[in-house]
Amino acid sequence: MRRTFAIILAALLCLAAFSACSLNKSDKPKETENADISIDNVDPTSPILSIGEQKITFAVYRALYESYLPYMQASGFDPLESESSLESFQDWLVDSLASDIVVLYQAEENGFELSPEQEEELAQTVEAELSELYETYMTYAEEDNIDDPTISVEVYFDNYISKMSEYYTGVSMSWEEYREEYAKEARRSYIIEHYKEFVCREFTPTEDDVADWYDAQLAVNKASYQDNPGKYKTDEDYFELYSGVKDDAYPILYVPGGYSRIMHILVTPQGELSEEYGNKLERMEEIKKLYGELALEDAVKGNDANAWELASLALEYKQLKEATDEEFASYTSAASEKISQAYAALGTGRPFVEVMLDFTEDKEVAGDGESEGCAAFRQKGQLISLEYTSTRDWSETFKAEFKKLTPGSYSGVFYDNGSYHIIYYVGDETAGAVPMESVYESIAAVCAANVGSLQWDALVEEWLNDPALVKNETLIRLPGADEVTRG
């Protein structure tokens, strides 16, 4: 069939789900007694690994081998260059697969179950992934049917599913059978993920762990921001926006001088200005350029030869400006009214943060339907510097408005980058090392993940030494055996 390579790429999406496959109905691993066994005559459902009811079939192992081999070769390590290289590669793959089934075995032995929320999330994920796979293979089938309509779309589709499922599981399946098996294997993957979370919640860092992390990270931050102070805003913004959300959102422990905090009310007009509006603005720019050239020509020659044309241009410019001003006023009227109400509320003496939360449309501050916004931005304000630039920076107009302020004061309403703004000068950042006690909990969370990972790895290593884990060395050594360089 054509598109063989495309099918394999699409099917790789399923490989993770089948990494703990247990299609073989036998309770014990099939040991190979035939000395002449080869990769082409082995039963693909034979297990290479088993522990309890958990098994890894030869089909899954072979698919993993064939998927990773070209990537290893492309990266400069060729497992086929020697027998020892091949054996190391095989062992690496087997260790990865064995780690999965020993975790599943431990979860089962300890009675671990997914929560109702996790079950619901799993069901939604599986349905979405299966829908994507169905659409992919149905598209292939429909295109094949166009090339050869003597075979129905359904037959093409069934053939794709049969070949793909047999390659990755050792068993040819219908779509419904594949759906059922996919859901089972997706559940196993979910159990592996959430059992790790369940076990690791018991691992907590010590005070020494936190102190060691603080000292090492402080040295890194200090060197980084002394070399590039503008990077501080980018990194601190990232931490404040994503702390507790992304694993790489680490607390920043050194503050270079030259930074302050502002709070910000933003209101954006709704809708869009017309294409005609843009065209008029372009014509106005053309008129200004042409008017200047003609006026200069008259001045140099000492006459008014271009007076009529200049008057015509001035009239056209005036008419265009009136039209664009009218459209802009209509476009911004609601936003202008809202920002004016915010400014009036500030005039009554209300705290800036209260007015900001009542009026601002800045999603990073107030949130939206998908997020709650940034608590740090609401409580401390956002970073700004007149000395440095950053990849997440305010405009020159913003900085010019900020420059007029003193701590505790707020700006007038100004328009910049398509929105209305009012900013409040909260205060200046204290330069130097951030006290450990002020970020202790954040560091402890980072350390907990690190400590959890180390202790989890140690547990898995212990489980891998369980004598109940059975390996079929004969089958494990088959992939690549007829291709490896010997000698």
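The values are calculated or read from the model by the stated rules, or taken from the named source; none is laboratory data. Note that the structure is a prediction, hence the values are computed from the model and not measured. Cβ atoms come from the backbone with ideal geometry, glycine included; neighbour counts cover every protein chain shown. Surface areas here come from the heavy atoms of the whole protein model, side chains and all, with no ligands, DNA or RNA. Shrake-Rupley method; radii C 1.70, N 1.55, O 1.52, S 1.80 Å.
One line per residue, one yes/no per condition, for (1) within 30 Å of L454 (Cα to Cα); (2) at pLDDT 95 or above; (3) within 26 Å of the chain's Cα centre (by Cα):
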| residue | (1), (2), (3) |
| --- | --- |
| S165 | no, no, no |
| S189 | yes, no, yes |
| E193 | yes, no, yes |
| E197 | yes, no, yes |
| C200 | yes, no, yes |
| T204 | yes, no, no |
| L218 | yes, yes, no |
| K222 | yes, yes, no |
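Please count how many residues of segment 378-424 are among the hydroxyl-bearing types (S, T, Y) and either in a loop (DSSP other than H, G, I, E, B) or on the phi > 0 side of the Ramachandran plot (or both).
Residues flagged as among the hydroxyl-bearing types (S, T, Y) and either in a loop (DSSP other than H, G, I, E, B) or on the phi > 0 side of the Ramachandran plot (or both) within segment 378-424 amount to 9.
Just give me the residues in segment 164-200 being part of a loop (DSSP other than H, G, I, E, B) and small (G, A, S), in sequence order.
G170, S172, S174
For every residue, the table says whether it meets (1) surrounded by fewer than 19 Cβ atoms within 10 Å (Cβ to Cβ); (2) touching a Lys or Arg at 6+ places or on another chain (Cβ under 7 Å); (3) hydroxyl-bearing (S, T, Y).
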site	(1), (2), (3)
T136	yes, no, yes
D144	no, no, no
D147	yes, no, no
E154	yes, no, no
E166	yes, no, no
Y178	no, no, yes
H194	yes, no, no
E197	yes, no, no
T206	yes, no, yes
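State which residue pairs qualify: first residue assigned to a loop (DSSP other than H, G, I, E, B) and inside segment 201-227, second residue open to solvent by 60 Å² or more (accessible area, probe 1.4 Å) in any location, beta carbons under 8 Å apart, and separation of 6 or more residues or different chains.
Between residues of segment 201-227 that are assigned to a loop (DSSP other than H, G, I, E, B) and residues that are open to solvent by 60 Å² or more (accessible area, probe 1.4 Å), the close pairs are F203/Q455; P205/N450.
Could you identify the single residue in S99, S131, S88, S115 that is of a type in the set (S, T, N, Q), open to solvent by 20 Å² or more (accessible area, probe 1.4 Å) and over 31 Å from the mean Cα position of the chain (by Cα)?
Of the residues listed, the single one that is of a type in the set (S, T, N, Q), open to solvent by 20 Å² or more (accessible area, probe 1.4 Å) and over 31 Å from the mean Cα position of the chain (by Cα) is S88.
For segment 167-187, enumerate the residues that are aliphatic (A, V, I, L, M) and more than 31 Å from the chain's Cα centre (by Cα).
The answer is V171, M173.
State yes or no: is A123 in a helix (DSSP H, G or I), open to solvent by 20 Å² or more (accessible area, probe 1.4 Å) and aliphatic (A, V, I, L, M)?
yes
Which residues, taken from segment 315-357, are among the β-branched types (V, I, T) and either touching a residue at least 24 places away in the same chain (Cβ under 8 Å) or not in a loop (DSSP other than H, G, I, E, B) (or both)? Write out each step before concluding.
Taking segment 315-357 first, the residues among the β-branched types (V, I, T) are 324, 332, 339, 348, 353, 355.
Across segment 315-357, the qualifying residues are T324, T332, I339, V353, V355.
I'd like the residue in segment 424-459 that is of a type in the set (S, T, Y) and within 24 Å of the chain's Cα centre (by Cα) and, out of all such residues, is farthest from L218 (Cα to Cα).
We begin by selecting, within segment 424-459, every residue of a type in the set (S, T, Y); these are 424-425, 430, 438, 440, 442, 453.
Right, trim to within 24 Å of the chain's Cα centre (by Cα) and you get 442, 453.
Values: S442: 14, S453: 22 Å.
Looking at the filtered set, the residue picked out is S453.
Evaluate the following for E483: is it part of a helix (DSSP H, G or I) and of a type in the set (D, E)?
No.
Do you know which residues across segment 132-169 are free of Cβ contacts under 8 Å to residues at least 40 places away in the same chain and of a type in the set (A, V, I, L, M, F, W, C)?
M138, A141, I146, I151, V153, V155, F157, I161
Could you give every pair whose Cβ atoms fall below 6 Å, whose first residue belongs to segment 101-129 and is under 10 Å from I191 (Cα atoms), and whose second residue is open to solvent by 40 Å² or more (accessible area, probe 1.4 Å), counting only separations of at least 6 or pairs across chains?
From residues that are under 10 Å from I191 (Cα atoms), the pairs are L104/R188.
Taking the condition in a helix (DSSP H, G or I), of a type outside the set (D, E) and either over 27 Å from V42 (Cα atoms) or touching a strand residue (DSSP E or B) at 6+ places or on another chain (Cβ under 9 Å) (or both), does T150 pass?
No, not satisfied.
Which residue out of V413, V426, V470 is at pLDDT 95 or above, under 22 Å from D95 (Cα atoms), open to solvent by 30 Å² or more (accessible area, probe 1.4 Å) and not basic (K, R)?
Only one candidate qualifies: V470.
Based on what the data block shows, is D466 out of contact with any His (no Cβ under 8 Å at 6 or more places or on another chain), assigned to a helix (DSSP H, G or I) and more than 22 Å from I252 (Cα to Cα)?
Working: out of contact with any His (no Cβ under 8 Å at 6 or more places or on another chain): yes; assigned to a helix (DSSP H, G or I): no; more than 22 Å from I252 (Cα to Cα): yes.
Here the answer is no, as D466 does not meet what is asked.
Taking I287 as the residue in question, decide whether it is within 25 Å of S395 (Cβ to Cβ) and of a type in the set (V, I, T).
no
Taking segment 430-442, which residues are touching a Phe, Trp or Tyr at 6+ places or on another chain (Cβ under 9 Å), open to solvent by 50 Å² or more (accessible area, probe 1.4 Å) and not in a strand (DSSP E or B)?
A431, M436, Y440, listed by residue number.
So is K301 open to solvent by 20 Å² or more (accessible area, probe 1.4 Å) and more than 30 Å from L386 (Cβ to Cβ) or not?
Taking the combined requirement at face value, the residue satisfies it.
Select from segment 443-458 the residues that are open to solvent by 40 Å² or more (accessible area, probe 1.4 Å) and in contact with a helix residue (DSSP H, G or I) (Cβ under 9 Å, 6 or more places away or on another chain) and list them in ascending order. Walk me through it before giving the result.
As a first pass, look at segment 443-458 and keep what is open to solvent by 40 Å² or more (accessible area, probe 1.4 Å): 445, 449-450, 453-455, 457-458.
Across segment 443-458, the qualifying residues are A449, N450, S453, Q455.
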